[in-house]
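See below for the structure under consideration.
The values are calculated or read from the model by the stated rules, or taken from the named source; none is laboratory data. Computed from a prediction, not measured in an experiment: that's the story for all the values here. Cβ sites come from the backbone with ideal geometry, for glycine too, and all protein chains shown count toward neighbours.
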Amino acid sequence: MTGPERDEFDRMIEQEIADTIPSQGVVDEVNPWHEPIDRIAGGLALTGITLNFLYLQYLLPAVGVVLQYLGFRALRRNGAAFRLAWALSAVRLVWEGAFLVLSVTPWLPTGDLDIGLGLAGMGIQIVQMLALRAGLRQVCRAAGIEPKNDPLKAAVCWEGLILVLAFSPLAHSWLAAIPMLIAFVCIVRALFRLGETMGEAGYCFTAAPVRLNTSAVRWGYLGGCLLLMLALSVCVNHPRLDAAPMEEHGEAELRQQLSDLGLPDEVLADLKDEDVRALDGAFHVACCAEMLSFGPDSQSITLCDQTNSPKRAPIEPEIPPGKDTMIASTYYIELPEYRMAVLERFEWVQGSAYWGDAFSVFEDSDYGHDLIGGRLVYEKQGQTYAASIPDLSDSTVTTSNMFGTYTSNQISGVVSYPLGADNPRGYVLYVMQLDEIRTFGGTGVNYYHPAHPVRLPYRSSQERSHDWRDRYRVQHYTNFNTQLERSAAVA
């Protein structure tokens, strides 16, 4: 084929394809700016708005920072501004990962430190957007094109307004929130269109080599954060017990006197000698027991009530299959000088407490109480072990219920047994102060039993045991009466 013939052939080919419109997929493939800028815009959309339900406040920002990192990673070879934005995206990736992991622990910064870190994070994002803007404008100048709009400048202004509103009286007002939300949506849409307009810059794009593909980075980051969250949750919410083989018992005569009054031998076997001595002089014992099962449809069954229904025979519980179940027993042990010892005992009959259960004991004697002691007991490999209750304290706490919040003095502690422990149980013993007027009343135990170790966001077990709205919390409430009250009832 001669030269003129080749030229004629080329013209024929050009005429044949002149009216052919390429598909959008083909256009995207030949526009190298489209995908990275779309990822950056999508990341901004996911990190800019907080949705506080279904854990989206944790998931969406994590996905957003990964998208931004991937977008800036593809652009980093196209100028110093893009490299700066990429470096900042890596910082935000680590930052968000640390926030996620610390959210399941008590170590997440709070107060002024939390505010300071939040402001620093917003400052990094503003610098990141400014660096991206500078890089794109440099590319446009090199290609000899004029940008049609400037959504990145609008994004920076929007971030600045958010900072101003955060410290203004309109911080929680819908009068400011609605316009800012509308503006944010418009900015994000403009950013998505920016990738298309950058196609006019042609092929002045230097692709950055990568060792890990997009899926490996995305799922590796999210999966790594999840594994760290699970590992820290197990460590934080499985307190280690300082357990030792149970000591030989003394106070045999006093133990026998309490047994004759009706305190069961298996209960006495768990009591320390000093706790038994605190019951010296006891002349009456009454028990109220309840079976408590945990789960979405938790339930309770009264097994015996020797104060309200003393003539009612105890019943044998039918343990619900597949549910963690415990028997909570309250023993009222009346002492001289208008004192009432209260022994709160819990025994697991199915399942156990592994992930930082917690309890809070309350009473309405009006005259206060004195904490005597308490401990956890279990068997393992044929040996009985006992340990002090972690974080056992008697202090003023704030409790919430359907009627509001109030403060009171309560005994609280954490319950957690080693994996593989058999027959786990425990008790708390305290003494209420009464008088000839206060002859009856009630006591109770709020018990929090999580089904797994992960708590997102983190709240301590003690806090959750005080919150009546927590679905893992149950209550065991019983009544007591004194010798004066019993005598009056008979008369």
Only one of Ala282, Ala252, Ala278 is touching a helix residue (DSSP H, G or I) at 6+ places or on another chain (Cβ under 9 Å) and over 16 Å from Phe346 (Cα atoms), namely Ala282
Of the residues in the range 262-280, those that are touching a residue at least 24 places away in the same chain (Cβ under 8 Å) and loosely packed, with under 13 Cβ neighbours inside 10 Å number 2
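Which of the residues spanning the range 394-422 are part of a strand (DSSP E or B), modelled with pLDDT of 80 or more and surrounded by 13 or more Cβ atoms within 10 Å (Cβ to Cβ)? Full working, then the answer.
As a first pass, look at the range 394-422 and keep what is part of a strand (DSSP E or B): 394-401, 404-415, 422.
Then drop every residue that is not modelled with pLDDT of 80 or more, which leaves 394-395, 409-415, 422.
Passing the criteria: Asp394, Asn409, Gln410, Ile411, Ser412, Gly413, Val414, Val415, Asp422.
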Is there a residue in the range 423-434 that is of a type outside the set (A, V, I, L, M) and assigned to a loop (DSSP other than H, G, I, E, B)? no
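Only residues that are assigned to a strand (DSSP E or B) and either free of Cβ contacts under 8 Å to residues at least 60 places away in the same chain or not charged (D, E, K, R) (or both): list them for the range 282-293, please.
His284, Val285, Ala286, Cys287, Cys288, Ala289, Met291, Leu292, Ser293 - these are the residues of the range 282-293 that are assigned to a strand (DSSP E or B) and either free of Cβ contacts under 8 Å to residues at least 60 places away in the same chain or not charged (D, E, K, R) (or both).
This table checks each residue for (1) over 18 Å from Gly64 (Cα atoms); (2) in contact (Cβ under 8 Å) with a residue 60 or more places away in the chain; (3) out of contact with any Leu (no Cβ under 8 Å at 6 or more places or on another chain).
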| position | (1), (2), (3) |
| --- | --- |
| Phe192 | no, yes, yes |
| Gly199 | yes, yes, yes |
| Val210 | yes, yes, yes |
| Arg218 | no, yes, no |
| Gly223 | no, no, yes |
| Leu226 | no, no, yes |
| Ala231 | yes, no, yes |
Expected single match for in contact with a strand residue (DSSP E or B) (Cβ under 7 Å, 6 or more places away or on another chain) and among the basic types (Lys, Arg) among Arg473, Arg469 is Arg473
Of the residues in the range 52-84 that are within 21 Å of the chain's Cα centre (by Cα) and aromatic (Phe, Trp, Tyr), the one that is surrounded by the most Cβ atoms within 10 Å (Cβ to Cβ) is Tyr58
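A quick yes/no check of all residues on (1) more than 19 Å from Glu159 (Cα to Cα); (2) among the polar types (S, T, N, Q); (3) at pLDDT below 85:
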site	(1), (2), (3)
Pro4	yes, no, yes
Glu16	yes, no, yes
Thr20	yes, yes, yes
Asp28	yes, no, yes
Leu51	no, no, yes
Leu60	no, no, no
Taking the range 346-364 and the residues there that are buried (at least 21 other Cβ atoms within 10 Å of the Cβ) and under 21 Å from Thr482 (Cβ atoms), the one that is nearest to the chain's Cα centre (by Cα) would be Val361
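Do we have any residue at all in the range 208-226 that's touching a strand residue (DSSP E or B) at 6+ places or on another chain (Cβ under 7 Å), surrounded by 13 or more Cβ atoms within 10 Å (Cβ to Cβ) and not in a helix (DSSP H, G or I)?
There is no residue in the range 208-226 that is touching a strand residue (DSSP E or B) at 6+ places or on another chain (Cβ under 7 Å), surrounded by 13 or more Cβ atoms within 10 Å (Cβ to Cβ) and not in a helix (DSSP H, G or I).
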- Query: Is there a residue in the range 251-261 that is in the same structural domain as Gly382 (by TED's automatic domain parsing), under 30 Å from Ala358 (Cα atoms) and touching a residue at least 12 places away in the same chain (Cβ under 8 Å)?
  - Reply: yes
